[in-house]
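To keep things clear, I will list the structure first and then write my remarks on it.
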Amino acid sequence: MPQGSTRKKALYALILLAALGQAVLLPWLAWKEAQRQAFDAEAELALAFARDVRYRADQIVRQVDNGIALLVRSGYPPCSDQARALMREVDLTSTHLQAIGYSRDGVMVCSSLGDAAIELGSNSFVTGKGTRLFLNVPVGSRTGSALMAVERQGFTALVHRSLPLDTWTAVSGVSVAVMQLDRPRDGRPIVSRGHVDPAWVARLGHRRETAFADDRYVVAIVRSPLVPSVAVAALPLSRIAARAESIAIRLVPAGLAAGIAVAVAIMAFARRQMSVAAALRHGLAHHAFILAYQPIVDLRTGRCIGAEALLRMRRDSGELIGPDLFIPIAEQTGLITRMTERVFELVEQDAGHFLARHPDFHIALNISAADLRSASLLPSIDRLLQRTGARPANLIVEITERGFVDPATARRALAALRERGIAIAIDDFGTGYSSLSYLESLDVDLLKIDRSFIETIGTGAPTSQVVGHIIAMARTIGLRMIAEGIETREQAEFVRRQGVEYAQGWLFGKPVEFRTIEQLCAIEAARPPGEMSDE
Ligand SMILES: Nc1nc2c(ncn2[C@@H]2O[C@H](COP(=O)(O)O[C@H]3[C@@H](O)[C@H](n4cnc5c(=O)[nH]c(N)nc54)O[C@@H]3COP(=O)(O)O)[C@@H](O)[C@H]2O)c(=O)[nH]1
């Protein structure tokens, strides 16, 4: 099997793989996005529950603190009539307290409920601030539910154990808890409903709140600003899968459609690239390439001093295709070196005789990065000079900033060209990454100021200053300049005044056959500076 055909098949396979990859990748990304959105939504729900628990727990803490502080500040003797009256008042005005009273040795001896002694129970612990919490007060309260007690400075408040957890959680399987931070009680919560893992609290770190997923739950933890405790809410992880599925029903088909669209676009682009590449090969084999020449003028004298050779491809239909359409593909497919060789042959045919007779006339040729690496560049140039009798000084080689991607190779090739006496011009300067100091180190002769900068002259645009800076810097490092894309007298006059030596653009002439250049340049010699030529 011929090598070219094997390479083509491998390329097709690679493109197909890339297209299929997109068709799979985008739905997969959509599924991942659905999972992310589902987690975010469940985490937000868990956080809402935990914030609610924290808010209620903090309200209880505030009412207990205020009630006890009021009794302590009153200075009434414990269980005196005034003290009892105050206890009742606190009880009545506090929405979250079941009772408040005076306690001694784990027994409430009198309270807002009366004189009946209330045992506070044995299940108790002391918080970091010296407050004692009795978690199971063994009495039937007004409602008959389990109570807990908070005791400080001899006074005790009774609250429902379930009160902080009594939030609206219209979701099945939700766990909620309030947990101690400073003395974690072996991880046991102060109050809880459902399953709570003590290890979760450590994941809060120094944050105010957090949400995460472990292998069974989506967990939210919120810190209390009042006391060293946290509120915890956990939702079953299975909810994420259910929610992700419902989001995925919307997202995955969109991802699939986008994946297929991208895959089709890749295939279409590849087919186009390949068909353009095939057309270029056909063009090379059938001499379909021609050169147009655009005059370059000396701004001081107005004389035409040379021309840039610009490649075009003539289709079988006669239609001319511009280089912008095929040079990038020729560069990508490696056809550019054969194309550049063809350019040298065309210059020889079109202009060889003229160059030999006009040593001061220059032909500017565009060279790509691949040409600088190619072993055929120098022999092709030598052949052109030999066959036509032209001098190296008749040639200018134009290299874009992209040509310097591999600086070592570029330096070697440029040195060889300059040794022969061929001038080097940097094309499209300013559109890439080169700095002027970098150009200085590369040893070039001419700088072509890109049309995009010339266009800004006289527009008042902020970027219109740039062209002045480029010119000033190029002058300091001794580079001669060609301003490209000159369309108006104003632009020509501006660059001339700034000291730019040469110019090219529609003001002086569009790309034409070399025969026209020969006539034009003869006429230009007698023309005053900057006057537009007829095409
Ligand atoms: N590697 C190679 N590159 C080549 C070759 N031939 C051309 N090219 C590069 O293709 C780019 C497009 O060239 P083209 O479509 O020929 O356009 C040139 C001029 O027609 C255009 N121009 C010149 N003056 C004006 C103007 O006043 N206004 C205006 N709107 N356009 C104008 O600019 C192009 C010349 O640009 P440059 O080369 O930067 O001087 C172009 O980048 C070519 O370099 C080839 O053989 N090999």
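Values quoted throughout were computed directly from the atomic coordinates according to the rules given, and no laboratory measurement underlies them. Remember, it's a predicted structure, so these values are computed and weren't measured experimentally. Don't worry about glycine lacking a Cβ; one is built from the backbone with ideal geometry, like all the others, and counts go over all protein chains shown.
Data overview
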quantity: Using distinct alpha-carbon pairs, which all enter the 1/r mean, Kirkwood radius of the chain in Å; calculated: 31.4
quantity: Relative contact order of segment 287-526, pairs being alpha-carbon contacts under 8 Å that are 6 or more residues apart, as %; calculated: 23
quantity: Cβ-defined net charge surrounding VAL264, 14 Å radius [Lys, Arg +1; Asp, Glu -1]; calculated: +2
quantity: Stokes-Einstein diffusion coefficient of segment 32-238, Kirkwood radius over Cα pairs, 37 °C, 0.692 mPa s, in µm²/s; calculated: 183
quantity: Principal axis dimensions, segment 327-398 - Cα atoms, whole angstrom, descending; calculated: 38, 18, 18
quantity: Helix-only [θ]222 nm of the chain, DSSP H runs n ≥ 4, -39500 (n - 2.57) each, per residue, nearest 500; calculated: -15500 deg cm²/dmol
quantity: Two-decimal Rg/Rh across segment 287-526, once Rg and the Kirkwood Rh are taken from alpha-carbon atoms; calculated: 0.94
quantity: Distance (nanometres) between label positions extended 7 Å along Cα→Cβ at GLU490 and ARG338; calculated: 4.8
quantity: Within-15-Å neighbourhood charge of THR463 [Cβ basis; K, R +1; D, E -1]; calculated: -1
quantity: Selection of chymotrypsin sites (Phe, Trp or Tyr not before Pro), segment 286-344, meeting DSSP coil and at most 16 other Cβ within 10 Å; calculated: none
quantity: Loop-resident sites, segment 156-237, for chymotrypsin sites (Phe, Trp or Tyr not before Pro), counting at most 14 other Cβ within 10 Å (DSSP); calculated: TRP168
quantity: Cleavage-rule hits, trypsin sites (Lys or Arg not before Pro), segment 180-248, DSSP coil, Cβ neighbours within 10 Å at most 14; calculated: ARG207, ARG208, ARG216
